[in-house]
Structures are given as structure tokens and as C-alpha cells.
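Report on the structure given below.
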């Protein structure tokens, strides 16, 4: 069966038809939380640093366990060192989230700058192909964000991560609501 020119697997159709209300609700909640993140970016920046720290601490335990499956002393020690470094960075983000947001903001600014530049180059190389303009526009936006974050660094650590988390939550919420509307239509057709 086709929907909007795309073929949908029967299982996907059934799943969307059954879960569209949940998807819509999660989308609305994501948009609301995203708006709060934009209004209070400092809190969400600290929360993001702490969350990443927790994830890294958990991953460090998995890495340490995986080290014991390594073959050879060198591989074991390298994996154990990787696990220890991951644990230390995670713990540091949990204990010192403000300093962690500084580091994350610097990395984020460099990331947006490099990804923006890459997208502009890809768009230039693909000029004349469908959607090359959108890729280029995305790259220009990435460059602008990267420049803004880096020019205002370190004060940008107070707002950049929280603002970008908020924007991402709004886009994710909008996407979920759009998918939910497809599910709602599919449930009517069933």
C-alpha cells in the first residue's frame, strides 16, 4: 500500500494506526519541553552535561567488562585504559557540569563549523542536483551557528547547548506529530 507516494510495510501501517495517539502526545510533550529549554537554556545545558556524564559512566562499566574479553595483555590494557578514561570524563561531567558545558560547547561549536563547511562543499560539488540548495542552506546555517557559538565562547556555554537541545526537541516533536497524523489517517482507512 502506498501513502504519499511511498510504500508502507503492512506492519508499519498497523503500528502507526495503533500508536498515533501516543506519538502525538510524545510530540506535544517534546515541543513543550523544547520551549522550556529555549526559555531556560542554562538549566538544560547543565542537565545535558550531567546526562552525558551518566551515560559515559554506564558505558565505562561495559567497556571495562569488555576488556576482560580481550586477547592479549596489550589489548586488555588499552581497553581498560579506554574504560577508565570514559569513567573519569563521565564522572567529571557529573561532578562539574558547568565546566563540562564549557567543553561540550567548544566541541559543539567546532562540530557545527566543520559540518557546516562540509555541507556547503557538498552542496557546491552537487550543484544542479535535487536538494543541493537545501544542503547548502543547511551548511550555511551550521556555519553561522558554529561561528556564533565560538565567537561568544565561553559565555555561549550558558545558552548554546540548552538552546540547541530545545530546538532539537521542537523539531523532534513536530516530526512525531507529523508521523502521528499519518497514523491517524491510516487508522481511519482501516
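The values are calculated or read from the model by the stated rules, or taken from the named source; none is laboratory data. Note that the structure is predicted; figures quoted are calculated from it, not measured. We place every Cβ from the backbone using ideal geometry, glycine too, and count neighbours over all the protein chains shown.
Looking at this structure, is residue 139 under 30 Å from residue 20 (Cα atoms) and either in a helix (DSSP H, G or I) or within 18 Å of the chain's Cα centre (by Cα) (or both)?
On the way: under 30 Å from residue 20 (Cα atoms): no; either in a helix (DSSP H, G or I) or within 18 Å of the chain's Cα centre (by Cα) (or both): yes.
So residue 139 does not fit the description; no.
Given the residues 48, 86, which is the only one that is at pLDDT 90 or above, closer than 24 Å to residue 36 by Cβ and in contact with a helix residue (DSSP H, G or I) (Cβ under 6 Å, 6 or more places away or on another chain)?
After applying the criteria, what remains is 48.
Considering region 149-190 alone, what residues qualify as being within 15 Å of residue 101 (Cα to Cα) and in a helix (DSSP H, G or I)?
Applying the first criterion (within 15 Å of residue 101 (Cα to Cα)) to region 149-190 yields 149-150, 152-165.
Answer for region 149-190, where residues must be within 15 Å of residue 101 (Cα to Cα) and in a helix (DSSP H, G or I): 149, 150, 155, 156, 157, 158, 160, 161, 162, 163, 164, 165.
Tell me, yes or no, whether region 30-48 has at least one residue that is more than 30 Å from residue 180 (Cα to Cα) and surrounded by 14 or more Cβ atoms within 10 Å (Cβ to Cβ).
Yes, the conditions are met somewhere in region 30-48.
Quick one: in region 55-66, which of the residues that are closer than 26 Å to residue 96 by Cβ and more than 16 Å from the chain's Cα centre (by Cα) is surrounded by the fewest Cβ atoms within 10 Å (Cβ to Cβ)?
Looking at residues that are closer than 26 Å to residue 96 by Cβ and more than 16 Å from the chain's Cα centre (by Cα), I get 62.
Applying the selection to region 16-29, what residues are surrounded by fewer than 19 Cβ atoms within 10 Å (Cβ to Cβ), more than 19 Å from residue 168 (Cα to Cα) and within 25 Å of the chain's Cα centre (by Cα)?
Narrowing region 16-29 to residues surrounded by fewer than 19 Cβ atoms within 10 Å (Cβ to Cβ): 17-19, 21-22, 25-26, 28-29.
With more than 19 Å from residue 168 (Cα to Cα) added as a condition, the list becomes 17-19, 21-22.
Within region 16-29, 19, 21, 22 meet the criteria.
Identify the residue in region 119-128 that is exposed (fewer than 14 other Cβ atoms within 10 Å of the Cβ) and in contact with a helix residue (DSSP H, G or I) (Cβ under 9 Å, 6 or more places away or on another chain) and, among all such residues, is farthest from residue 153 (Cα to Cα).
The first filter runs over region 119-128 and keeps only residues exposed (fewer than 14 other Cβ atoms within 10 Å of the Cβ), leaving 121, 124-125, 127-128.
From the residues that got through so far, the ones that are in contact with a helix residue (DSSP H, G or I) (Cβ under 9 Å, 6 or more places away or on another chain) too are 121, 124-125, 127.
Details: 121: 26, 124: 30, 125: 32, 127: 34 Å.
Among them, the one singled out is 127.
Of the residues in region 112-143, how many are more than 16 Å from residue 163 (Cα to Cα) and in contact (Cβ under 8 Å) with a residue 24 or more places away in the chain?
First pass over region 112-143, keeping only residues more than 16 Å from residue 163 (Cα to Cα): 113-140, 143.
Now drop any that are not in contact (Cβ under 8 Å) with a residue 24 or more places away in the chain, which leaves 113-117, 139-140, 143.
Number of matching residues: 8.
Residue by residue, here is whether (1) in contact with a strand residue (DSSP E or B) (Cβ under 9 Å, 6 or more places away or on another chain); (2) at pLDDT below 90; (3) surrounded by 15 or more Cβ atoms within 10 Å (Cβ to Cβ) holds:
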position: 132; (1), (2), (3): no, yes, yes
position: 137; (1), (2), (3): no, no, no
position: 170; (1), (2), (3): no, no, yes
position: 178; (1), (2), (3): no, no, no
